[in-house]
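Beneath this line is the structure, given in structure tokens, with notes to follow.
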Amino acid sequence: MTILATEALVAGYEPGLPIVRGASIRVAQGEIVVILGPNGAGKSSLIKAIAGLVPISGGRVTLEGQDITALPAHRKIRQGLAFVPQTENVFPRMSVEENLRLAVGIFPDRDVRHGLDEVFTLFPDLARQARLMAGSLSGGQRQMLAAARALIVKPRVLMLDEPSAGLSPKFVEQVFARLQAVRDTGVTILLVEQNARAALSIGDRAYVLVEGRAAHEGPARSLWDDPLIAELYLGQRKEAT
Amino acid sequence: MSLQFLLDGVISGAMIGLGAIGITLTYSILRFSNFAHGDLMAWGAYAALVAVGAIGGLLGGVAPIAPLSFGLPLILATLFAMAVACVIALVLDWLLFARLRARGQAIIVVMASFGASMALRNLLEFLFTSSPAYFSTALQIARPLGLGVRITPDQVALLVLTLVLVTGMHLYLTRSQRGREMRAYAQNPALARVVGIDVRAVIRATWIIGAALAAAAGVMVGVLVQIRPLMGLDLLLPMFAAAILGGIGSVPGAVLAGLIIGISEAAAVLFIGAEWRAGVSFVILMAVLLVRPTGLFGVAER
């Protein structure tokens, strides 16, 4: 069952200069879907447009069949669509715990203590750092905090923009293992990644975005084996002849 | 040498600090210097003056609460003044600032606040003339506090009020969800939206808090000094100096810096000469901007 979809989405920061140019993707309930593509293909802009951070000028975004194209960013989280930006994804001058309290506090009916206990079980490091300022955390720890802050509100779909960017290989492995664990709790994941190797190893399906459009789509494994894709996007680029 | 100047400084510093809270919040959350903030103070004072008159007219003479110079009417009038200032701030934002903010050029919003300031001030002069007004003309006897320092009951009451307002404000910003949202929005507006923070609610809360505290400070100035249409403008530079010395966005910083500026002004009057009083804020403002632009408790902008 499709949970999140875009239909011919057109989006960009400047009017008349779209970065996303008619991208159509589908994400099924419980899947991990990866968006790959060369630099400047519009991967980040696509995911930000879905999150409501990049103005949409055409097409539709649907969540469980409901049109959420025009919904402002702060309402999307209430519909169960969470987003973790690539950088500046924590509030640096708030403690780890305050970052989490802030997120769960958006929902007045949620039990804050219970939510904190749950994410601290999933991310034990954060429990030890609860009183530290988020700004003093390392890149990998911030990424964990950002993911925890998105998960504490129990989203149905979790979108992440390059969660492995700037992390050491050890942390990359940890982040992706954690994402698999998150998916196993029933959360659908849509992921933008430069690190195709790691992302395809946990992904179910992948899209390759080229010039703002979904140019290829398929099971993660088959994209991995496709020589054309491998040559173009998976780090084995050759000069065109 | 009398230590009286310290107390005088603390009292004017408390009023500066209370006003500076609104400036530091609008600066950090709405990202512009609101030059109309002082006029919210003046409007608050005049709104209270009108309300005190109306309540007095309705109830007949109400005796002040001994040993203070004022009674229940002024307390009610202060609440009314806070509400009036909130309405003015919200209407100004809706009519002017929000529209200009949407264009994304901070300097236009700052200029608009200059214009709003002039309009508000001139309207006050038009309505109430420029001659000073007083809540009470009764003389208060200052009581000795020791070490040659004397304090009036009104001063004690208003210092206590300041302490209560500032503590409440600090707790609100650090403990409540809306307060956390305001701090989060000041740190990273885009991430705030992602997390689900309703920006409009945060902006409303910022105006309401800033305007209400400005009105309270205006009433305090009215009780302790006098009410004039220019009273807000006169305090604008000290309030900005306090907001910047305290570190933009920091409520305790703004209040502490307000006290520092109040005491420095009082010291300048005593040791250098009364004509230097107005220069103190300017010197402090320049020194902070040159030496430590982040202020006492501020953080560097990324």
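Looking only at residues that are more than 14 Å from chain B (Cβ to nearest Cβ) and outside any loop (DSSP other than H, G, I, E, B) in segment A:28-52, which one is nearest to B:ARG193 (Cα to Cα)?
Among those residues, the one meeting the criterion is A:LEU46.
Of all the criteria given as (1) within 11 Å of chain B (Cβ to nearest Cβ); (2) under 15 Å from A:VAL153 (Cβ atoms); (3) assigned to a helix (DSSP H, G or I), the one not satisfied by A:GLY115 is (1).
This table checks each residue for (1) buried (at least 20 other Cβ atoms within 10 Å of the Cβ); (2) within 13 Å of chain B (Cβ to nearest Cβ); (3) farther than 21 Å from A:VAL10 by Cα.
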site	(1), (2), (3)
A:ARG60	no, no, no
A:LYS76	yes, yes, no
A:GLN79	no, yes, yes
A:PRO85	yes, yes, no
A:ASN89	yes, yes, yes
A:VAL96	yes, no, yes
A:ASN99	yes, yes, yes
A:GLY105	yes, yes, yes
A:ASP111	no, no, yes
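Against the list (1) farther than 17 Å from B:LEU49 by Cβ; (2) of a type in the set (Ser, Thr, Tyr); (3) out of contact with any Ser or Thr (no Cβ under 8 Å at 6 or more places or on another chain), the condition B:SER113 fails is (3). For segment B:278-288, taking the residues that are closer than 21 Å to B:LEU233 by Cβ and touching a helix residue (DSSP H, G or I) at 6+ places or on another chain (Cβ under 8 Å), the one that is modelled with the lowest pLDDT is identified as B:ALA278. Can you confirm whether B:LEU245 is over 21 Å from B:ALA81 (Cβ atoms) and either modelled with pLDDT of 95 or more or buried (at least 24 other Cβ atoms within 10 Å of the Cβ) (or both)? When the stated conditions are applied, B:LEU245 passes them. The residues listed here are B:ALA54, B:ALA66; of these, the one that is surrounded by fewer than 16 Cβ atoms within 10 Å (Cβ to Cβ), in a helix (DSSP H, G or I), over 22 Å from the mean Cα position of the chain (by Cα) and not acidic (Asp, Glu) is B:ALA54. Within segment B:186-222, being part of a helix (DSSP H, G or I), within 24 Å of A:GLU97 (Cβ to Cβ) and over 22 Å from the mean Cα position of the chain (by Cα) holds for B:GLN187, B:PRO189, B:ALA190, B:LEU191, B:ALA192, B:ARG193, B:VAL194, B:VAL195, B:VAL199.
Just wondering, is there one or more residues in segment A:26-34 that are farther than 25 Å from A:VAL187 by Cα and among the small types (Gly, Ala, Ser)? No, segment A:26-34 contains no residue that is farther than 25 Å from A:VAL187 by Cα and among the small types (Gly, Ala, Ser). Restricting segment B:158-185 to residues that are in a helix (DSSP H, G or I) and among the polar types (S, T, N, Q), the residue that is nearest to the other protein chains (Cβ to nearest Cβ) is B:GLN177.
Of all residue pairs spaced 6 or more apart or on separate chains, those with beta-carbon atoms under 6 Å, a first member in segment A:62-80 that is under 22 Å from A:MET1 (Cα atoms) and a second member that is surrounded by fewer than 16 Cβ atoms within 10 Å (Cβ to Cβ) and not polar (S, T, N, Q) are A:ASP67/A:ARG60; A:THR69/A:ARG60.
Whether a residue is within 14 Å of chain B (Cβ to nearest Cβ) and aliphatic (A, V, I, L, M) was assessed, and A:ALA70 does not pass this test.
Going through segment B:241-265 one residue at a time, which ones are over 21 Å from B:ALA186 (Cα atoms) and either of a type in the set (D, E, K, R) or not in a helix (DSSP H, G or I) (or both)?
B:GLU265 - this is the single residue of segment B:241-265 that is over 21 Å from B:ALA186 (Cα atoms) and either of a type in the set (D, E, K, R) or not in a helix (DSSP H, G or I) (or both).
Does segment A:1-22 hold any residues that are closer than 15 Å to A:LEU191 by Cα and modelled with pLDDT under 90, and which are they?
Matches in segment A:1-22: none.
Taken over segment B:194-204, the criterion of being surrounded by fewer than 20 Cβ atoms within 10 Å (Cβ to Cβ) and either closer than 19 Å to B:MET82 by Cα or more than 14 Å from every other protein chain (Cβ to nearest Cβ) (or both) is satisfied by B:ALA201, B:ARG204. Being touching a strand residue (DSSP E or B) at 6+ places or on another chain (Cβ under 8 Å), within 14 Å of chain B (Cβ to nearest Cβ) and surrounded by 15 or more Cβ atoms within 10 Å (Cβ to Cβ) is a description that does not apply to A:PRO55. Scanning segment A:155-184 for residues that are touching a Gly at 6+ places or on another chain (Cβ under 8 Å), among the charged types (D, E, K, R) and closer than 19 Å to A:GLY115 by Cβ yields one hit, A:ARG156. Of all the residues in segment B:266-285, those that are free of Cβ contacts under 8 Å to residues at least 24 places away in the same chain, assigned to a helix (DSSP H, G or I) and over 21 Å from the mean Cα position of the chain (by Cα) number 5.
Selection of segment B:212-242 for residues being buried (at least 24 other Cβ atoms within 10 Å of the Cβ), more than 17 Å from B:ASN34 (Cβ to Cβ) and of a type outside the set (A, V, I, L, M) yields B:GLY222, B:PRO229.
The values are calculated or read from the model by the stated rules, or taken from the named source; none is laboratory data. For clarity, every value in this text was computed on a predicted model and none was experimentally measured. Quick reminder, even Gly has a Cβ in these numbers, built from the backbone with ideal geometry, and neighbours come from all protein chains shown.
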